[in-house]
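Encoded as structure tokens, the structure appears first; notes follow it.
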Amino acid sequence: MRERDIKFDWDDVLIMPSETTKIVSRFTDIHLERIPLFTAPMDTVVDMSNYHLFREKGINVCLPRNAENQHVYSTDSNIFRSMSLKEFSEVYVDRGIKPKNAICIDTANGHIENLIQEIKNFRQLHGNKPKLMVGNIANPKTLSLLDEAGADYCRVGIGNGSGCLTTQQSAIGYPMASLIHECYQKKKYKKLKINIVADGGFREYADIIKALALGADYVMLGGIFNKTLESCAPTYMSNKEHSSWKEAGEKINQYDPQYALMMKHGMKFYKKFRGMSTKEVQRDWGVEESKIRTSEGVSRINEVTDTLGGWMENFDHYLRSNMSYSNASNLEEFIGKAEWNLITPSALNRFKK
């Protein structure tokens, strides 16, 4: 049996400054031509009530499956309508209807041969538009097949997300930092056009920045965006206490500006969060009880940590800071091109405050 390389994750990597940098001011010398972020298609993150708040910040939106009236936003090519492979095939391939929206084929297993074939069929019928996002994958070799088929974006990562139990329960997965790096190498040397969307498992600003540095064109966020006050999840005041945890209290309208002010003055709020492969979601989608599958997702209550505007301001500053050290004046000079090192756990602990 051949020796296998050890794979690594975000905590195993640090970005190294360039030998020299032309950047003097991170604000005047760095131009961010786009926001390299997507909302995850999760119903405790984004829906028709708040999608515009993400778009106002420049964040690309991927609406969850079964979100009502998704089709009415066809004029914005950075809003993706999510659907199952079955629905995609029946409507846009078998019936030949041309979609007006960008489409996310939302599948847990992006390695299915039929998915690749249906993308080819779709492109033969409808040409190069609209945009198609597919995934998820956890094998770098699959990226080439999806690019060849005609996909524009690929969600990369299986089982890493805070709402996902797939890897924990089924042993399928791939450490994300290695996966993104290897996908980028495939894209670079084979001159692929497909966009790499790193999806799942991001806990800190630094994780997101590392993903971009290692080659992700975009990062898709679920749990992080859920913890912003403006996420669409049911939101509660912390007005009930127990000995070991805080129970969600009175439900509020999180879009009312008074709650952002209350949060600024120390009031705590809590959000419902759930993975999209939970039994709860399957029931909400109308799946018969006898056909409900084993859950590969989790449900929990998250504490609200930020407003969306506050989180985005921090992300912008931290990304620009890294780019200034990395001698990158724009994303094209930064993505996949930053220098990085593998580190030991003891080295990581030195940086943990």
Count - residues of segment 313-353 that are at positive phi and open to solvent by less than 40 Å² (accessible area, probe 1.4 Å): 1
Failed item in (1) out of contact with any Pro (no Cβ under 6 Å at 6 or more places or on another chain); (2) closer than 18 Å to G223 by Cα; (3) part of a loop (DSSP other than H, G, I, E, B), with P41 passing the rest: (1)
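Quick grid of which residues meet (1) at pLDDT below 90; (2) open to solvent by 60 Å² or more (accessible area, probe 1.4 Å):
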residue: Q254; (1), (2): no, no
residue: Y259; (1), (2): no, no
residue: G275; (1), (2): yes, no
residue: K279; (1), (2): yes, yes
residue: E288; (1), (2): yes, yes
residue: G297; (1), (2): yes, no
residue: R300; (1), (2): yes, yes
Complete set of residues in segment 210-221 that are within 13 Å of the chain's Cα centre (by Cα) and open to solvent by 10 Å² or more (accessible area, probe 1.4 Å): D217, Y218
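Residues in segment 16-32: is at least one within 30 Å of K129 (Cβ to Cβ) and at pLDDT 95 or above? Before you say what the answer is, go through the steps one by one.
Of all residues in segment 16-32, those within 30 Å of K129 (Cβ to Cβ) come to 31-32.
Still in the running and at pLDDT 95 or above: 31-32.
Yes, some residue in segment 16-32 is within 30 Å of K129 (Cβ to Cβ) and at pLDDT 95 or above.
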Conditions (1) assigned to a loop (DSSP other than H, G, I, E, B); (2) open to solvent by less than 60 Å² (accessible area, probe 1.4 Å); (3) closer than 27 Å to L229 by Cα; (4) not hydrophobic (A, V, I, L, M, F, W, C); number of the one not met by N66: (2)
Selection within segment 44-53 - touching an Asp or Glu at 6+ places or on another chain (Cβ under 8 Å) and either part of a strand (DSSP E or B) or within 16 Å of K227 (Cβ to Cβ) (or both): N50, L53
Cβ-Cβ under 7 Å pairs, at least 6 apart or on other chains, segment 13-34 side in contact (Cβ under 8 Å) with a residue 24 or more places away in the chain, far side surrounded by 15 or more Cβ atoms within 10 Å (Cβ to Cβ) and among the basic types (K, R): V13/K210; I15/K210; R26/R320; F27/R320; I30/R320
Every pair of residues 6+ apart whose Cβ atoms lie under 6 Å, when the first sits in segment 38-51 and is in contact (Cβ under 8 Å) with a residue 24 or more places away in the chain and crowded, with 24+ Cβ neighbours inside 10 Å while the second is part of a loop (DSSP other than H, G, I, E, B) and among the hydroxyl-bearing types (S, T, Y): V45/S231
Selection count, segment 1-37, where residues are in a loop (DSSP other than H, G, I, E, B) and open to solvent by 50 Å² or more (accessible area, probe 1.4 Å): 21
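Of the residues G200, G249, only one is within 27 Å of L53 (Cα to Cα), touching a Lys or Arg at 6+ places or on another chain (Cβ under 8 Å) and at pLDDT below 95; which?
The conditions single out G249.
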First in segment 142-155 and under 9 Å from I116 (Cβ atoms), second anywhere and part of a helix (DSSP H, G or I), Cβ under 6 Å, 6 or more apart: L145/I116; A149/I116; A149/I119; A149/K120; A151/I119
Pick from segment 203-243, criterion of a type in the set (K, R) and at pLDDT 95 or above, ranking: farthest from N330 (Cα to Cα): K227
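Just to be sure, is D306 open to solvent by 20 Å² or more (accessible area, probe 1.4 Å), of a type outside the set (V, I, T) and at pLDDT 95 or above?
So D306 fits the description; yes.
The values are calculated or read from the model by the stated rules, or taken from the named source; none is laboratory data. This is a predicted model, so every value here is computed, not measured. Positions of Cβ are generated from backbone atoms using ideal geometry, with glycine treated the same way; all protein chains shown enter the neighbour counts. Please note that ligands, DNA and RNA were not included when accessible areas were found on the heavy atoms of the full protein model with its side chains. Shrake-Rupley method; radii C 1.70, N 1.55, O 1.52, S 1.80 Å.
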